[in-house]
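Asker: Take this structure first; my questions come after.
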Amino acid sequence: MGNKGLATQTQWASVTRLLCTLVLSSVLAACGTGLMQPKVTPEPAPDMFSPLSRPVEQYLAQADVATGDNAFAWRVLTVRSLLQQNHVAEAKARLQTLRTGATLQQIPVVSLLEAATLLQEKQPGQSLQRLLSIDARRLPSSGQAYLWLLQANAYEQQQQTLEAAKALVARHSLLTGPAQNSNRERIYQLLSTQSPSALRQAQGRSNSADANGWFRLMAILNAEGLPAAQRNWQLQSWSSSYPEHPGRAYLPESLSTAQGQSFDPAHIAVLLPLSGRLAEQGEAIRNGILSASQGQSARVSFFDTQGTGMAALYQQVMQAGADFILGPLLKENVDALLKQDPAMPVLALNQPAYQPELAAFYYFSLSPEGEAADAARRMWDDGHRQPLVFAPANELGRRVAAEFDRQWQAQSGLPAILAYFSDQAGIEGDVRRALSRRPATAGQVLPVNGEPGLVPEARPADSVFMVTNAAETRYILPYFDFVRDSRAERLPTYVISRSYIPAGEAPMGELAGLRLADMPWLFDGTPRLKEEVLELWPDADTAWLRLFALGFDARTLIPQLPALRQGAPAIPGLTGELTVSPEGVLQRRLQWREYVNGNWISIGQEPGQQ
């Protein structure tokens, strides 16, 4: 019995050891598979595009236990973390699963991650294609910031530094705090590698104001050998133009931003075409400038822009010691001068497509667009509420019509009726179609005076603005009477200086009642000066007299430019009543006259009255 009990005890001991071994093995196995790990508690997901601050395993664990939108956000963070650690294959596998289960609202986020994956695989071209196909409006602001970051990285991989910087500029306002500071520093570092000429060429109307501000600032800061006075002027001008730009962090602490409130130049450099095909126009402006300069102490020097690049011409101006530039005349030359970032005030005699708002740069021209804007203001003041714009179907006609409509909508909140004509053969049909047209937005819900509301029912035109020259006006105007009803009262019709016909010629009955805007100089303004000019240049025609007036007013206005830009009252000039917009554009209020028996008389004035 004793031996049997001993054997039994031995067996039980063996069984116990075996059970213990099995249990221990099970415990160890359980530990190896995680079954014995503490249970993961689901957490609310942080922003999908927030900085990655956890190991990838934690994102994975949360993605496994989360549900709904939280699960999607954790999975996005997981893919981003895998890409950050260059686990591209696993990231792509999880991304494929993510796309399969994504809702319509989540697809743009998945596309962002696919673009990030392509970028990680050094395929920047394909990544950019994917990024440019995403509607950023469907992303949260943090997602938009991530999109711009990916674009910047893709452009950097393609060695397109300026495009990378523009993407970071677009990203900047979406960031705050340290992230914004880091973004600003990266923009600065990228642009520090670029030449001043490349940065000047990069400026243009297609960029944002902030991007142009960065390019202009870094062109100044990167310039080597720039005289201290010129550099200081340019930085002062930049500072005045960009009072809240992020690039201000890189301005010298000693920089003074105060600039004079008036211009009193000692030496004016005038840039005009004085030879070549535009020599006659340049000479007319030159004579106007010289006439206005009589009795003035400032020295005036003329530089011929024909055949000389603007960069070289600007260097000549600097070497001559000028402290003010008047001109140039051609748009392309104004644009080229802008790219030089002149270290002195400028009054250009034209308006290029890109007009940066520079503190000491002004634009003065006799553009038909400016006259169209004045026509819109006048017609509104005269009580008209539904103008018809009738313009030639060419680039000039559409541009002038668009400017009239822009000004009209600015003051009325409603569009004008725009119609176009092609040639004389089809003019009757063009007029019929024009008179039957109604505003494109009639009946639609649009904001009116800042408040939502229904646009009034379409009404017929109550006035006409014609973008025509004198010959076109004489030919077209009778068709408006014929198509409507020759017995009906003519619609009030307005034209600008392109339709000017000198007074005193045989009366043209078809123009009766036509209202025309032009500079006072061509009507009866400053008769004594006009007599003197016609004695000196008896062959001067209307076009020559207009350019003379442009030069005269440009020289006369120089001392008043800063005050006018700050809102000083209009100054009467040969070309009209002159003010300056905040952007530095000189604006003209023209004189309006009515055609009566061959003469232009003040509207409402009886013939023969003075």
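Asker: Residues of the stretch 309-325 being under 31 Å from the mean Cα position of the chain (by Cα) and not in a strand (DSSP E or B), which ones? Walk me through it before giving the result.
Answerer: To start, the set of residues in the stretch 309-325 that are under 31 Å from the mean Cα position of the chain (by Cα) comprises 309-315, 317-318, 323-325.
Answer for the stretch 309-325, where residues must be under 31 Å from the mean Cα position of the chain (by Cα) and not in a strand (DSSP E or B): G309, M310, A311, A312, L313, Y314, Q315, V317, M318, D323.
Asker: Could you list all residues from the stretch 380-405 that are under 28 Å from the mean Cα position of the chain (by Cα) and farther than 23 Å from I427 by Cβ?
Answerer: W380, E403
Asker: Take the stretch 578-601 and flag every residue that is surrounded by fewer than 21 Cβ atoms within 10 Å (Cβ to Cβ) and farther than 19 Å from A376 by Cα.
Answerer: P582, E583, V596, N597, G598, N599, I601
Asker: Looking only at residues in the stretch 182-210 that are charged (D, E, K, R) and part of a helix (DSSP H, G or I), which one is nearest to the chain's Cα centre (by Cα)? Even if it seems obvious, please write down each step before you answer.
Answerer: First pass over the stretch 182-210, keeping only residues charged (D, E, K, R): 184-186, 200, 205, 210.
Subset that is part of a helix (DSSP H, G or I): 184-186, 200, 210.
On the way: R184: 22, E185: 25, R186: 24, R200: 17, D210: 10 Å.
Residue satisfying both the conditions and the ranking: D210.
Asker: Residues Q159, Q129: which one is under 37 Å from the mean Cα position of the chain (by Cα), surrounded by fewer than 20 Cβ atoms within 10 Å (Cβ to Cβ) and outside any helix (DSSP H, G or I)?
Answerer: It is Q159.
Asker: Something else: Do we find that Q306 is outside any loop (DSSP other than H, G, I, E, B), surrounded by fewer than 18 Cβ atoms within 10 Å (Cβ to Cβ) and outside the structural domain of A219 (by TED's automatic domain parsing) in this structure? If you could, list the steps in order and put the result at the bottom.
Answerer: Values: outside any loop (DSSP other than H, G, I, E, B): no; surrounded by fewer than 18 Cβ atoms within 10 Å (Cβ to Cβ): yes; outside the structural domain of A219 (by TED's automatic domain parsing): yes.
No, not satisfied.
Asker: Taking the stretch 309-333, which residues are surrounded by fewer than 20 Cβ atoms within 10 Å (Cβ to Cβ) and of a type in the set (S, T, N, Q)?
Answerer: If the condition is that a residue be surrounded by fewer than 20 Cβ atoms within 10 Å (Cβ to Cβ) and of a type in the set (S, T, N, Q), then Q315, Q316, Q319 are the ones that fit.
Asker: Which condition number in (1) among the basic types (K, R); (2) surrounded by fewer than 19 Cβ atoms within 10 Å (Cβ to Cβ); (3) closer than 27 Å to L221 by Cβ is the one that R378 fails?
Answerer: Failing condition for R378: (3).
Asker: What residue, of A165, A154, is under 21 Å from L251 (Cα atoms) and buried (at least 16 other Cβ atoms within 10 Å of the Cβ)?
Answerer: On the way: A154 fails: under 21 Å from L251 (Cα atoms).
Answer to the check: A165.
Asker: Surrounded by fewer than 19 Cβ atoms within 10 Å (Cβ to Cβ) and not in a loop (DSSP other than H, G, I, E, B) - does that describe any residue in the stretch 211-227? Don't jump to the end; show me each part of the working.
Answerer: Narrowing the stretch 211-227 to residues surrounded by fewer than 19 Cβ atoms within 10 Å (Cβ to Cβ): 222-227.
Narrowing the set further to residues that are not in a loop (DSSP other than H, G, I, E, B) leaves none.
Checked against the condition, which is being surrounded by fewer than 19 Cβ atoms within 10 Å (Cβ to Cβ) and not in a loop (DSSP other than H, G, I, E, B), the stretch 211-227 yields no hits at all.
Asker: Determine whether A136 is of a type outside the set (S, T, Y) and in contact (Cβ under 8 Å) with a residue 40 or more places away in the chain. Reasoning before the result, please.
Answerer: Details: of a type outside the set (S, T, Y): yes; in contact (Cβ under 8 Å) with a residue 40 or more places away in the chain: no.
No.
Asker: Out of all the residues in the stretch 171-204, which are under 23 Å from Q355 (Cβ atoms), crowded, with 20+ Cβ neighbours inside 10 Å and among the hydrophobic types (A, V, I, L, M, F, W, C)?
Answerer: Those that are under 23 Å from Q355 (Cβ atoms), crowded, with 20+ Cβ neighbours inside 10 Å and among the hydrophobic types (A, V, I, L, M, F, W, C): L191, L199, A202.
Asker: Looking at E457, E489 in this structure, which one is at pLDDT 80 or above, outside any helix (DSSP H, G or I) and over 23 Å from D374 (Cβ atoms)? Please lay out each step first, then the result.
Answerer: Values: E457 fails: at pLDDT 80 or above.
Checking each option against the conditions leaves just E489.
Asker: Considering every residue within the stretch 263-276, establish whether at least one is in a helix (DSSP H, G or I) and either touching a residue at least 12 places away in the same chain (Cβ under 8 Å) or more than 30 Å from N181 (Cβ to Cβ) (or both). Give the steps one after another, and end with the answer.
Answerer: Kept after step one, since they are in a helix (DSSP H, G or I), are these residues of the stretch 263-276: 276.
Of the ones still in play, those that are also either touching a residue at least 12 places away in the same chain (Cβ under 8 Å) or more than 30 Å from N181 (Cβ to Cβ) (or both) are 276.
Scanning the stretch 263-276 turns up at least one residue that is in a helix (DSSP H, G or I) and either touching a residue at least 12 places away in the same chain (Cβ under 8 Å) or more than 30 Å from N181 (Cβ to Cβ) (or both).
Asker: Checking F49 against (1) of a type in the set (F, W, Y); (2) assigned to a helix (DSSP H, G or I); (3) in contact (Cβ under 8 Å) with a residue 24 or more places away in the chain, which single condition isn't satisfied?
Answerer: Only one criterion in (1) of a type in the set (F, W, Y); (2) assigned to a helix (DSSP H, G or I); (3) in contact (Cβ under 8 Å) with a residue 24 or more places away in the chain is unmet by F49, namely (2).
The values are calculated or read from the model by the stated rules, or taken from the named source; none is laboratory data. Given the structure is predicted, the values throughout are model-derived calculations rather than measurements. Methodologically, a virtual Cβ is constructed for each residue, glycine included, from the backbone with ideal geometry; neighbour enumeration extends over all protein chains shown.
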